[in-house]
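Peer 1: Pasting in a structure now, in structure tokens, and then I'll have a few things to ask.
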Amino acid sequence: MADSARVLKAVVPAAGLGTRFLPATKATPKEMLPIVDKPAIQYVVEEAVDAGLSDVLMVTGRSKRSIEDHFDRAYELEEALRAKGDEERLGAVHESSDLAIMHYVRQGEPRGLGHAVHCARQHVGNEPFAVLLGDDMIDARDKLLHRMIEVRRQYGGSVIALMEVEPDQVSAYGCAAIEATDEDDVVRISDLVEKPSAEEAPSNWIIIGRYVCDPAVFDVLEKTPPGRGGEIQLTDALRTLADMPAEAGGGVYGIKFRGRRYDTGNKLEYLCTVVQFASERPDLAPEFMPWLREFVRRQDAENGAKDG
């Protein structure tokens, strides 16, 4: 059932404690950790804006004030850069503050992703909306969110992004039971399981941090009891929506995403992301890549000598 209601708002949950990056995240939000010279959260907001969603609600928590400061004006800094004639850095500072219409709401206590999304109810109202997780980045060249909004317009209901992983990885994610449609990259979701074991997983297709939700999700979340980990899980609410009739806002579809995703929520993937972004930067790659090759060569030689 097609839905002509436009998706205009984005919700970015960014209230997590970032415990995997302690002690760096004791006072600095994990979403503000830099990918070279730009915080990860800015890439997420840029993705929303690129898809036409310039109204962005950030769901934050305590110790997240620097996120608000980053997307606000910094007059003293701007004046200092202007006085120096440093137009390049002045432009970079303006870029974040001019990017989108930013709104903020606090999640009073960490009660799960579902609860964080429910905190957006008053701002979103009775409109479809996108959810972008603050530590999950999609390459700007891969227009995943554009496609998800298009599928929502075509089929109605809610749309989630899926990626195929090895069986031993499914236990770290929500996992989907899927049914084919007439389109190769679109599936119908018949069931969702939060962090199943490899044996219990209905498929190898996991949910990644992009959702386009029907506003019916708010009523469902209000009635969703705490699930895995004692938290209110968005996966559980979507599971309910998958069984609801289309006229009530039900139905859940998935996009099989085969593009480039960067999970900056764990240390190894974060480091890989920084290296990859630096390797593709025209201002850094000419010097960084030769250093990186030489570093790897030396490491291989040293490890070979130890093994020998």
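The values are calculated or read from the model by the stated rules, or taken from the named source; none is laboratory data. Nothing here was measured: the structure is a model prediction, and the numbers come from that model. Using ideal geometry, Cβ is built from the backbone for each residue, glycine included, and neighbour counts are taken over all protein chains shown. Ligands, DNA and RNA are excluded from the accessible area calculation, which covers all protein heavy atoms including side chains. Shrake-Rupley method; radii C 1.70, N 1.55, O 1.52, S 1.80 Å.
Peer 1: Search the range 44-63 for residues being crowded, with 22+ Cβ neighbours inside 10 Å and of a type outside the set (A, V, I, L, M), and hand back the single one that is farthest from Thr264 (Cα to Cα).
Peer 2: Thr60
Peer 1: A follow-up question, please. Out of Arg297, Arg281, report the one residue that is under 30 Å from Gly16 (Cβ atoms), of a type in the set (D, E, K, R) and not assigned by the TED database to the domain that holds Val36. Please lay out each step first, then the result.
Peer 2: Working: Arg297 fails: under 30 Å from Gly16 (Cβ atoms).
Answer to the selection: Arg281.
Peer 1: A further question on this structure: With the requirement that a residue be under 19 Å from Arg281 (Cα atoms) and either among the acidic types (Asp, Glu) or open to solvent by 40 Å² or more (accessible area, probe 1.4 Å) (or both), what does the range 1-37 give you?
Peer 2: Of the residues in the range 1-37, the ones under 19 Å from Arg281 (Cα atoms) are 33-37.
Passing the criteria: Pro34, Val36, Asp37.
Peer 1: Checking Arg258 against (1) open to solvent by less than 70 Å² (accessible area, probe 1.4 Å); (2) assigned to a loop (DSSP other than H, G, I, E, B), only one condition comes out false. Which one?
Peer 2: (1)
Peer 1: Give the residue that is farthest from Ala237 (Cα to Cα), with candidates limited to residues of the range 165-185 that are over 20 Å from the mean Cα position of the chain (by Cα) and among the hydrophobic types (A, V, I, L, M, F, W, C).
Peer 2: Ala180
Peer 1: Which one of these is without any contact (Cβ under 8 Å) to a residue 40 or more places away in the chain and in the same structural domain as Glu127 (by the TED database): Asp243, Asp214, Asp236? Explain how you work it out, then say what you get.
Peer 2: Values: Asp214 fails: without any contact (Cβ under 8 Å) to a residue 40 or more places away in the chain; Asp236 fails: without any contact (Cβ under 8 Å) to a residue 40 or more places away in the chain.
Just a single option satisfies the conditions, and that option is Asp243.
Peer 1: Additional query: Listed residues Ile149, Ile101; which is among the β-branched types (Val, Ile, Thr), out of contact with any Lys or Arg (no Cβ under 9 Å at 6 or more places or on another chain) and in contact (Cβ under 8 Å) with a residue 40 or more places away in the chain?
Peer 2: Working: Ile149 fails: out of contact with any Lys or Arg (no Cβ under 9 Å at 6 or more places or on another chain).
It is Ile101.
Peer 1: Filter the range 265-308 down to the residues that are within 30 Å of Tyr173 (Cα to Cα) and open to solvent by less than 90 Å² (accessible area, probe 1.4 Å) and list them by number.
Peer 2: Keep residues of the range 265-308 that are within 30 Å of Tyr173 (Cα to Cα), which gives 265-280.
Gly265, Asn266, Glu269, Tyr270, Cys272, Thr273, Val274, Val275, Gln276, Phe277, Ala278, Ser279, listed by residue number.
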